[in-house]
Structure formats: structure tokens, C-alpha cells
Amino acid sequence: MTDKVQESKKFECFYKTCLSILIFSLIIITLVSGCSLPGGKRRSIPQIEMIVENPLQIKRTDEFIVLKVSDIKEMAEDFSQNTFIVLYADTNQEVPCQLDDTDNDGIGDEIAMIMDIEPKEKKRIIIRYSPESPENRAVTLGHKKRTRSAIHPEYEGIGWETEFIGYRLYPDQRNSISVFGKQKIGLSLDKFILNPSTSSTKLVLDGGNGIGCGGFGLWSDGKLVKPEPNTPRYTMIIADGPVRSIAQVIYDKWDFGEKSLRVTATYSIFAGQVWSTGNIKIKGSDMPIKIATGFAKSKQTSIIKNEKKGLFYSYGQQSLLNDNLGLALIYPTESFDSFHENDNSYLAVLNPGSDNEISYWFLSSYGNGENGAKNSNEFSELVLSIADKIKNPITVTIMPVKKDRDK
């Protein structure tokens, strides 16, 4: 009797799975191809058209685009983030994308996507969707997973990665970021923690009590101020998707002089990239509070600075394995205050301005990695190229939506 019950449950599970796949397939087919009305009339599925443009004279691979759902709804009030698909208009091929809830309120507010785009090219992109209604069901599209973020005890913190690089934040008084180099391309941090000694992924920089690569602190009287060991903190994964991963740590009651601050640090990374974004928000002060960020200092390398482009970097035998490793920081030039160095770090002091929020970018490339920069010239070209792309993003123009959708 027990076997019959188990068989019945297995069949029920199988039936539900097949039904879900069928429903998913029908939704996707409908969104891609449109539908017909009685009498042979054709109704196009509601869609939003966009023009994306590369402002640079260079080809961009796995280039990122982020759309605010609120901006889309300004053009199409009935847009539903629960059921949509992004397509190249000329081929109807799907654009890898994901919906993220970046403010953690339970509602998706950003669509992140990646695409290849030629020099100065313009592409027409369309978003097809099912109008918002109570019966809509959320659909997750099955794009290849190329990013990962997770919190593991073995990490001693939060980890995030692409197929080319991995980072780990110590979310405590150290507040530093470590780097994992990859001898083989692929997502690998979950496997690394199981058996580090045999993994092709290597811990090549341990942030420790320094800054690591992209860690930060507040800046006061010429000194880096990190959180105290007893500062309350909360860690979370905001996104763990196919094209973007986002990790976050909130330091509550970070003591800074006579002030008690709430500091939120958010780190994100896109598929196909070695760079990561750091975004710092500070609450609890009416006055702007400077931050300092950078990367580890090594006796084996020298630093190269370019204040005009807003970056500095180093390359050489500075990994934990005594092989080549490149480290770099890119910052908004309008927020640059000053450059400093101490016994273990090179630091850029940045002024967030009146809103006490600022973003910066950090990157690393492992010389023995399958996709790593093999010498200082390669790394220099990589850093300059990434800086140009970050500071000259793909432009997106959302076209007005036609009211009459019947043909």
C-alpha cells in the first residue's frame, strides 16, 4: 500500500512539473510570436521598443544594461514585470536578462541584461509582456547561469563571482575584499569551499585587516576608520541570477566621532566581467562623509595613476602564490578628493557629496588564469578599456508605446 501511495505521489509530482513546463512554453511562444483573433485579425502582444547605442568606437562583449521598471511603466502603464521577454527586434532572439528586487520590498524594480554590440552600433530591442492582471504568474527565463553570489560559513562572509573572477567580503571589522583567481573558466566558489587544495580556483589575495581589492572605510583626519568589532551588521544576497549577482552588507550604528551611522555597502557583478561595482550609502549625518577605497600595497609592484581618467592600478608578482596578479580601482573623477597610501594599502579618498552616496569600481586579473592578463601591458589595456566602457555606458532610448495594438 505504501509503494502505491509513493508511486501516486511521484506521478502527481511528474504531472505538475510537465504542466508547469507546458504553461511556461505556451507563455513564451505567445510572447515571441503574438496571437490571432477570431476572423483572422492579428493582435500583436503588447511590447515596448528601445534603441540601444554604443557611443564608443570599440566592440563591447557582454555589455550590461539596467532598466528601471518605473521608467518602463512611464511609457506603458500596463507593463507587468511578472511576465515579459526581451528580444532582438531583427532576429527575435532572446536577450539574456533577469528581474531584480534591489530595494528588498518584494517587488522587482530593475531589469538587468547583457548583449554584444559593435562599434557605434544601434540595436532595436523589444520587450514583450502580458498586461498586468491578478491572474498573472511570475516566469523565470532559463538563461545560462554565469554569475553567483552566496553566503557560506566557509567564506567567512559573502562571495560573488563570474566565470572569470571571484570576490569575498569579510563583513566585520576587517571590511576588506579578497580575490579568487581562476585557472579554468567557470563558476567555482561553491566547489572551492569543499576542497580548496585541489580546486583550479585559488585564493590569490586575502584582504585580511587591510583593504584587499575594493574594500572601504570612512575617512577622518587623514585616517581610515573601519567599523568596530561589535558594530551590528546584516548581510544579504540581493540577486543571484544568470547575468548579475548582488551582495549587500548593512552596518548599523557605525561609530564615527560623535555620530552613529547606518552604512549600506552593495556589491554587484555582471556576467563576462572581472570588475565589480561598490556602492556606499551613508545615513545619519547632515554633512557629507568621505570614504576611502583602493587595493593592497605590495613591495613587488609599483602603482600607476591616471587622475584624468580616474583610476590607478598595479601588476606583478603580488599574489599569495607569488605569481602575477593585477589590481585596479576606478573612481568618479568629480568625487576625487585625494590619494593616500599607508603600510598596506593604496587609497583614493572620495567625497560622496550632499546625498552621502557614491559608487566606484574595482577589478582584478590573475596572470595564471585561463582568461587572465599575462603581463603588465595587457593589464594596463584591460583597465583602460574597462574604465572607458564604465564611463561611456550604452545609451537606452525607450520609444513611445503605440496605443492601438490591433492590426
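Closer than 20 Å to N54 by Cβ and exposed (fewer than 15 other Cβ atoms within 10 Å of the Cβ): does that describe E156?
no
Table: residues versus (1) over 22 Å from L169 (Cβ atoms); (2) of a type in the set (F, W, Y); (3) under 26 Å from the mean Cα position of the chain (by Cα); (4) part of a strand (DSSP E or B).
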position	(1), (2), (3), (4)
S285	yes, no, no, no
F295	no, yes, yes, yes
K299	yes, no, no, no
K308	yes, no, yes, no
S314	no, no, yes, yes
A328	no, no, yes, yes
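One line per residue, one yes/no per condition, for (1) in contact (Cβ under 8 Å) with a residue 40 or more places away in the chain; (2) out of contact with any Lys or Arg (no Cβ under 8 Å at 6 or more places or on another chain); (3) farther than 24 Å from A271 by Cα; (4) assigned by TED's automatic domain parsing to the domain that holds V204:
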{"position": "L327", "(1), (2), (3), (4)": "yes, yes, no, yes"}
{"position": "E341", "(1), (2), (3), (4)": "yes, no, yes, yes"}
{"position": "Y346", "(1), (2), (3), (4)": "yes, no, yes, yes"}
{"position": "N351", "(1), (2), (3), (4)": "yes, no, yes, yes"}
{"position": "S364", "(1), (2), (3), (4)": "yes, yes, no, yes"}
{"position": "F379", "(1), (2), (3), (4)": "yes, yes, no, no"}
{"position": "I386", "(1), (2), (3), (4)": "yes, yes, no, no"}
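Being farther than 30 Å from I85 by Cβ and modelled with pLDDT of 95 or more narrows it down to one residue among G166, G157; which is it?
The unique qualifying residue is G166.
Is one or more of the residues making up segment 222-242 within 30 Å of D388 (Cα to Cα), of a type in the set (S, T, N, Q) and part of a loop (DSSP other than H, G, I, E, B)?
No; the residues of segment 222-242 include none that is within 30 Å of D388 (Cα to Cα), of a type in the set (S, T, N, Q) and part of a loop (DSSP other than H, G, I, E, B).
I'm trying to understand the selection: among the residues of segment 239-254, which are surrounded by 19 or more Cβ atoms within 10 Å (Cβ to Cβ) and either closer than 17 Å to G157 by Cα or among the β-branched types (V, I, T) (or both)?
Of everything in segment 239-254, those that are surrounded by 19 or more Cβ atoms within 10 Å (Cβ to Cβ) and either closer than 17 Å to G157 by Cα or among the β-branched types (V, I, T) (or both) turn out to be A239, V243, S245, I246, A247, Q248, V249, Y251.
Report whether or not Y129 is over 15 Å from the mean Cα position of the chain (by Cα), of a type in the set (S, T, Y) and over 22 Å from A271 (Cβ atoms).
yes
Quick one: which residue in I85, I111 is part of a strand (DSSP E or B), among the β-branched types (V, I, T) and either surrounded by fewer than 19 Cβ atoms within 10 Å (Cβ to Cβ) or under 15 Å from the mean Cα position of the chain (by Cα) (or both)?
Just one listed residue meets the conditions, I111.
Quick check on my filter: what residues within segment 101-131 are among the aliphatic types (A, V, I, L, M), without any contact (Cβ under 8 Å) to a residue 60 or more places away in the chain and either under 24 Å from K144 (Cβ atoms) or touching a Ser or Thr at 6+ places or on another chain (Cβ under 6 Å) (or both)?
I111
Got a sec? Which of E357, E307, E334 is surrounded by fewer than 15 Cβ atoms within 10 Å (Cβ to Cβ), more than 18 Å from I280 (Cβ to Cβ), assigned by TED's automatic domain parsing to the domain that holds K226 and at pLDDT 95 or above?
Just one listed residue meets the conditions, E307.
Results for (1) closer than 26 Å to K144 by Cα; (2) surrounded by fewer than 21 Cβ atoms within 10 Å (Cβ to Cβ); (3) in the same structural domain as R168 (by TED's automatic domain parsing), shown as yes or no for each residue.
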site	(1), (2), (3)
S200	yes, yes, yes
G208	no, yes, yes
E228	no, yes, yes
M236	yes, yes, yes
F256	no, yes, yes
Y267	yes, no, yes
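The values are calculated or read from the model by the stated rules, or taken from the named source; none is laboratory data. The model shown is predicted, which means the values in this text are computed figures rather than measured ones. Reconstructed Cβ throughout: ideal geometry from the backbone, glycine too, with neighbour counts over all protein chains shown.
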